[in-house]
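Beneath this line is the structure, given in structure tokens, with notes to follow.
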Amino acid sequence: MDKKQTEEIYDGLIQELRRGNIILSVLSQLKTPQYGYSLVVSLEEKGIPVEPGTLYPLLRRLEKQNILESNWDTNTSKPRKYYRLSENGKNIYDKLCNEWFKINNNMEKILKSQE
């Protein structure tokens, strides 16, 4: 296998790892209302790049699942749809955080045992 193939495989695996964390990353930013682009910028600043083409369908799906609530702000020259965690979403977010910490703790144990 050449270097280019190895890099392509690596890049794909990194993308899968990130994809698995995108929901939790997005939910973590929605305790206060944000619109889509502000969310893209906020996550990017925190080292979690998210493409708008990935984010917007995710926001719509989470809203359909009653995890997020949204409302339009039409008081500015450019109307914006703001998203925030619903009460149900706050509960789910807390549960997901607990699960993530368990998984992370277990992965640390596994990886450190291999050293």
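For segment 8-39, the set of residues classified as closer than 18 Å to CYS97 by Cβ and among the β-branched types (Val, Ile, Thr) consists of ILE22, ILE23, VAL26, THR32, listed by residue number.
The sole residue among GLU44, GLU69, GLU63 that is within 30 Å of ASN98 (Cβ to Cβ), in a helix (DSSP H, G or I) and touching a strand residue (DSSP E or B) at 6+ places or on another chain (Cβ under 9 Å) is GLU63.
Within segment 29-57, the set of residues being closer than 20 Å to GLU16 by Cβ and crowded, with 16+ Cβ neighbours inside 10 Å comprises LEU43, ILE48, VAL50, LEU55. For the residues TRP72, TRP100, the requirement of being in contact with a helix residue (DSSP H, G or I) (Cβ under 7 Å, 6 or more places away or on another chain), among the hydrophobic types (A, V, I, L, M, F, W, C) and farther than 12 Å from VAL26 by Cα singles out TRP100.
Scanning segment 1-30 for residues that are more than 15 Å from GLU51 (Cβ to Cβ), over 13 Å from the mean Cα position of the chain (by Cα) and either touching a residue at least 60 places away in the same chain (Cβ under 8 Å) or assigned to a helix (DSSP H, G or I) (or both) gives LYS3, LYS4, GLN5, THR6, GLU7, GLU8, ILE9, TYR10, GLY12, LEU13.
Would you be able to say whether some residue in segment 49-62 is aromatic (Phe, Trp, Tyr) and within 13 Å of the chain's Cα centre (by Cα)? Checked segment 49-62: at least one residue is aromatic (Phe, Trp, Tyr) and within 13 Å of the chain's Cα centre (by Cα). Checked against the criteria, LYS3 does not count as basic (Lys, Arg), surrounded by 10 or more Cβ atoms within 10 Å (Cβ to Cβ) and either farther than 23 Å from ASP94 by Cα or out of contact with any strand residue (DSSP E or B) (no Cβ under 6 Å at 6 or more places or on another chain) (or both).
Every read-out reported here was derived from the displayed coordinates using simple, explicitly stated rules and does not represent laboratory data. Keep in mind the model is a prediction, meaning the values are calculated, not measured. Glycine gets a Cβ as well: all are built from the backbone with ideal geometry, and neighbour counts include every protein chain shown.
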